[in-house]
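First comes the structure, then the notes that go with it.
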2 protein chains.
Amino acid sequence: MAQGASAVAQKSGENLLFLTDDQIRKGIEAMFFAYRGFTADPDRILEEQGYGRAHHRAIHFIHRAPGTTVNNLLAILGVTKQSLNRVLRSLIEDGLVESRVGNRDKRERHLFLTETGAALEQKLSDAQRERMRAAYRAAGPVAVAGFRQVLEAMMDPEMQRHFNRLTDSAR
Amino acid sequence: MAQGASAVAQKSGENLLFLTDDQIRKGIEAMFFAYRGFTADPDRILEEQGYGRAHHRAIHFIHRAPGTTVNNLLAILGVTKQSLNRVLRSLIEDGLVESRVGNRDKRERHLFLTETGAALEQKLSDAQRERMRAAYRAAGPVAVAGFRQVLEAMMDPEMQRHFNRLTDSAR
DNA sequence: ATCTTATGTCAGCCTTGTTGACTTTCCAAG
DNA sequence: CTTGGAAAGTCAACAAGGCTGACATAAGAT
């Protein structure tokens, strides 16, 4: 099983050396190390404010989809409502997020960032984007296109749906 | 600050549209969703065995660098010795990892996977590689090269050092 | 002999995930 | 109009896996 990729590479006329276990292992380790860098800068800012990564995620997606319901956010974040609720409660208490009762369906709560919340979102995403932009610039447009392709192919189908729904609604 | 990329794109003659805030945000969200997929399959296996992601990381890097010391593992994983120790202790108790006192320096402990440990490592990395290989195959070799380039550029320099040290010592 | 390093361990704390049980609100189907 | 069920919130309890601080031990280095 572990040597499956090598067998494939042998059988094919194409150059499938990029599918060897070794190449794939490098990709796995790259993901591990890169994700640490990916979260490092926001993490530092969050710590100053007494928040964690969970708060960042909530803030990010509320910013991206203002007025989203709690249920929708749950589906995107993939956590339990109890986990999300704890985070949302503190954000609402601290005046970073506003929760408005739905018009059509008054059971639903629609979530929005307040000015303060938007300011923190800005600060966090500025930090994260700066590293990302440096990486993009260093790697170049072709590499970036490949980067995105591989990441999309790596997602669970349901997450891919959420991803596309978000990017389709880009301004 | 947030509009910096747009300004850059305007100023330059090159096509720097891939550096816009919008493109970078998509990359950020792709990282988030992809990382979930990246860990999903091993997580399922680990749960069956009563382990977590921390155990997977330890097992992975002990497999990759057999005989590594605790200190080296700490540097790679970027956690405290107390955190790592808790994980290592359970792996040693369960007979997945062996800790041998160093020859040259008897303060050091060199870590190795037992047969049982290697078997779990195999199972975990098979699962993770399968998804990765599917993503690689779907995206193609050029995309994969770009994927790796961007990830490397995203790492903290120290992590990049660890990453390269590992991949240089590939068999 | 003393300093430093590598490791291990105890205690305690925090964040963030989980389950389970229960309530409130309120839309919608009967 | 009643009732079933969905959406949301809350409480309690727990676990994993981070963290700090303090301390012990062994052993290399000075």
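What the table below lists for this structure:
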quantity: Single match in A:Asp126, A:Asp168 (criterion: more than 16 Å from DNA strand C (Cβ to nearest atom), open to solvent by 60 Å² or more (accessible area, probe 1.4 Å) and within 18 Å of B:Glu29 (Cα to Cα)); calculated: A:Asp168
quantity: In the range B:106-119, the residues that are open to solvent by 10 Å² or more (accessible area, probe 1.4 Å) and either closer than 17 Å to B:Leu46 by Cα or out of contact with any Lys or Arg (no Cβ under 6 Å at 6 or more places or on another chain) (or both); calculated: B:Lys106, B:Arg107, B:Glu108, B:Arg109, B:Phe112, B:Leu113, B:Thr114, B:Glu115, B:Thr116, B:Ala118, B:Ala119
quantity: Hits in the range A:82-105 - residues which are surrounded by 12 or more Cβ atoms within 10 Å (Cβ to Cβ) and at pLDDT below 90; calculated: A:Gly102
quantity: Candidate set: the range B:61-80, residues that are more than 13 Å from chain A (Cβ to nearest Cβ) and not in a helix (DSSP H, G or I); chosen: the one nearest to DNA strand C (Cβ to nearest atom); calculated: B:Thr69
quantity: Scope the range A:97-119; condition in contact with a helix residue (DSSP H, G or I) (Cβ under 6 Å, 6 or more places away or on another chain) and either within 13 Å of DNA strand D (Cβ to nearest atom) or small (Gly, Ala, Ser) (or both); matching residues; calculated: A:Val97, A:Ser99, A:Arg109, A:Leu111
quantity: Number of positions in the range A:97-141 that are away from every other protein chain (no Cβ under 14 Å) and assigned to a loop (DSSP other than H, G, I, E, B); calculated: 8
quantity: Test result for B:Ala54, more than 12 Å from DNA strand C (Cβ to nearest atom) and within 14 Å of chain A (Cβ to nearest Cβ); calculated: yes
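Yes/no per residue for (1) more than 9 Å from DNA strand D (Cβ to nearest atom); (2) free of Cβ contacts under 8 Å to residues at least 60 places away in the same chain; (3) among the small types (Gly, Ala, Ser):
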| site | (1), (2), (3) |
| --- | --- |
| A:Phe38 | yes, no, no |
| A:Pro42 | yes, no, no |
| A:Leu46 | yes, no, no |
| A:Pro66 | yes, yes, no |
| A:Leu74 | no, yes, no |
| A:Val79 | yes, yes, no |
| A:Leu88 | no, yes, no |
| A:Ile92 | no, yes, no |
| A:Gly95 | yes, yes, yes |
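The values are calculated or read from the model by the stated rules, or taken from the named source; none is laboratory data. Bear in mind the structure is a predicted one, so any value in this text is a computation, not a measurement. Reconstructed Cβ throughout: ideal geometry from the backbone, glycine too, with neighbour counts over all protein chains shown. Protein only, heavy atoms only, side chains kept; ligands, DNA and RNA dropped before computing areas. Shrake-Rupley method; radii C 1.70, N 1.55, O 1.52, S 1.80 Å.
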